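Structure, as structure tokens:
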Amino acid sequence: MTDTIFPDVPTLGERARAALGRRNLVFVGLMGAGKSAIGRMVAGQLGLPFVDTDVEIERVSRMTISELFAAYGEDEFRALETRVIKRLLKSGPRVVSTGGGAFINEKTRRQIEKGGISLWLNADLDVLWERVNKRDHRPLLKTENPKKTLEDLMQKRYPVYALADISVVSRDVRKEIIANEVLASIIDYTAKAASKND
Ligand SMILES: Nc1ncnc2c1ncn2[C@@H]1O[C@H](COP(=O)(O)OP(=O)(O)OP(=O)(O)O)[C@@H](O)[C@H]1O
Ligand SMILES: O=C(O)C1=C[C@@H](O)[C@@H](O)[C@H](O)C1
Ligand SMILES: [Mg+2]
């Protein structure tokens, strides 16, 4: 009896990793979209290091995001966020999950455009609300009506997130499904970009 030899078929993660090359993959989107959860999972499948900019900011400042907002205000927080993201993108490739406001800041957005492929996790209000209302550590949502605040942020920010290279709809399905859609969309995006340059 002869052994059956199976050809080495690359996994979805391996194909997406090859497509990404030396670029970083940068998750953008509103609070609760799944940037941290999906970002970490995708990084595992790509075999790349993962970093969450909110966590990195808290590490370098030795303060929580809420403490930073309270002590220095949002503008100072944004300046720190820009510096941290610039440094992280320089030493990639890696998967970077950004804080919800990072891509809205023009300076940070330009850095992301230069340093990698941006991916917007686009979720509707009910999905976001269902996920964020369980915890109260997000300073921008400490308002009288946080759901309305979230809705206002969507109105303002969605046209800017839409500038990202890739969009994936983040919805109420298993995280693995979203992660696989992310990997497939990287392969698709890079193939289209390459054929445009032919
Ligand atoms: N597809 C999914 N199904 C179920 N739960 C999910 C899914 N995606 C994310 N979540 C959960 O929703 C919550 C918010 O997700 P996550 O913290 O990744 O969002 P985020 O975009 O990083 O938000 P922030 O900008 O506030 O950091 C987490 O508890 C996460 O596990
Ligand atoms: O949407 C935002 O502007 C923010 C989202 C969080 O990830 C944190 O970066 C911070 O709370 C600000
Ligand atoms: Mg996060």
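Any chance you could count how many residues in the stretch 112-161 are among the hydroxyl-bearing types (Ser, Thr, Tyr) and without any contact (Cβ under 8 Å) to a residue 12 or more places away in the chain?
So in the stretch 112-161, the residues among the hydroxyl-bearing types (Ser, Thr, Tyr) come out as 118, 143, 149, 158, 161.
Filter once more, keeping what is without any contact (Cβ under 8 Å) to a residue 12 or more places away in the chain: 143, 149.
The number of residues fulfilling the criteria is 2.
Quick one: how many residues across the stretch 89-111 are in a helix (DSSP H, G or I) and in contact (Cβ under 8 Å) with a residue 60 or more places away in the chain? Break it down into steps so the answer makes sense when it comes.
Taking the stretch 89-111 first, the residues in a helix (DSSP H, G or I) are 89-90, 102-104, 106-111.
With in contact (Cβ under 8 Å) with a residue 60 or more places away in the chain added as a condition, the list becomes 89, 102-103.
Qualifying residue count, the stretch 89-111: 3.
Which of the following residues is in a helix (DSSP H, G or I) and either of a type in the set (A, V, I, L, M) or at pLDDT below 95 (or both): 168, 182?
Working: 168 fails: in a helix (DSSP H, G or I).
Unique residue meeting the criteria: 182.
For the stretch 57-70, how many residues meet the condition of being under 30 Å from residue 20 (Cβ atoms) and either within 12 Å of ligand 1 (Cβ to nearest atom) or among the β-branched types (Val, Ile, Thr) (or both)? I'd like the intermediate steps shown before the answer.
If we filter the stretch 57-70 for residues that are under 30 Å from residue 20 (Cβ atoms), which is where we start, we get 57-61, 65.
Checking which are either within 12 Å of ligand 1 (Cβ to nearest atom) or among the β-branched types (Val, Ile, Thr) (or both) leaves us with 57-58, 60, 65.
Total meeting the criteria: 4.
If a residue must be buried (at least 19 other Cβ atoms within 10 Å of the Cβ), in a loop (DSSP other than H, G, I, E, B) and away from ligand 1 (no atom under 14 Å from the Cβ), how many such residues does the stretch 24-47 contain?
0
Hey, any hits in the stretch 61-73 for a residue that's part of a helix (DSSP H, G or I) and of a type in the set (Lys, Arg)? Give the steps one after another, and end with the answer.
Going residue by residue through the stretch 61-73, those that are part of a helix (DSSP H, G or I) are 61, 65-73.
Of the ones still in play, those that are also of a type in the set (Lys, Arg) are none.
Checked against the condition, which is being part of a helix (DSSP H, G or I) and of a type in the set (Lys, Arg), the stretch 61-73 yields no hits at all.
Please indicate, with yes or no, whether at least one residue in the stretch 135-147 is under 22 Å from residue 44 (Cβ atoms), in a helix (DSSP H, G or I) and not aliphatic (A, V, I, L, M). Spell out how you get there, then give the answer.
Initially, the stretch 135-147 is screened for residues under 22 Å from residue 44 (Cβ atoms), giving none.
No, there is no match, as no residue in the stretch 135-147 is under 22 Å from residue 44 (Cβ atoms), in a helix (DSSP H, G or I) and not aliphatic (A, V, I, L, M).
Right, residue 113: surrounded by fewer than 16 Cβ atoms within 10 Å (Cβ to Cβ), at negative phi, of a type outside the set (A, V, I, L, M) and within 16 Å of the chain's Cα centre (by Cα) or not? Walk me through it before giving the result.
Details: surrounded by fewer than 16 Cβ atoms within 10 Å (Cβ to Cβ): yes; at negative phi: yes; of a type outside the set (A, V, I, L, M): yes; within 16 Å of the chain's Cα centre (by Cα): yes.
It is true that residue 113 is surrounded by fewer than 16 Cβ atoms within 10 Å (Cβ to Cβ), at negative phi, of a type outside the set (A, V, I, L, M) and within 16 Å of the chain's Cα centre (by Cα).
The values are calculated or read from the model by the stated rules, or taken from the named source; none is laboratory data. All values derive from a computational prediction rather than experimental measurement. No Cβ is skipped: glycine too gets one built from the backbone with ideal geometry, and neighbour counts run over all protein chains shown.
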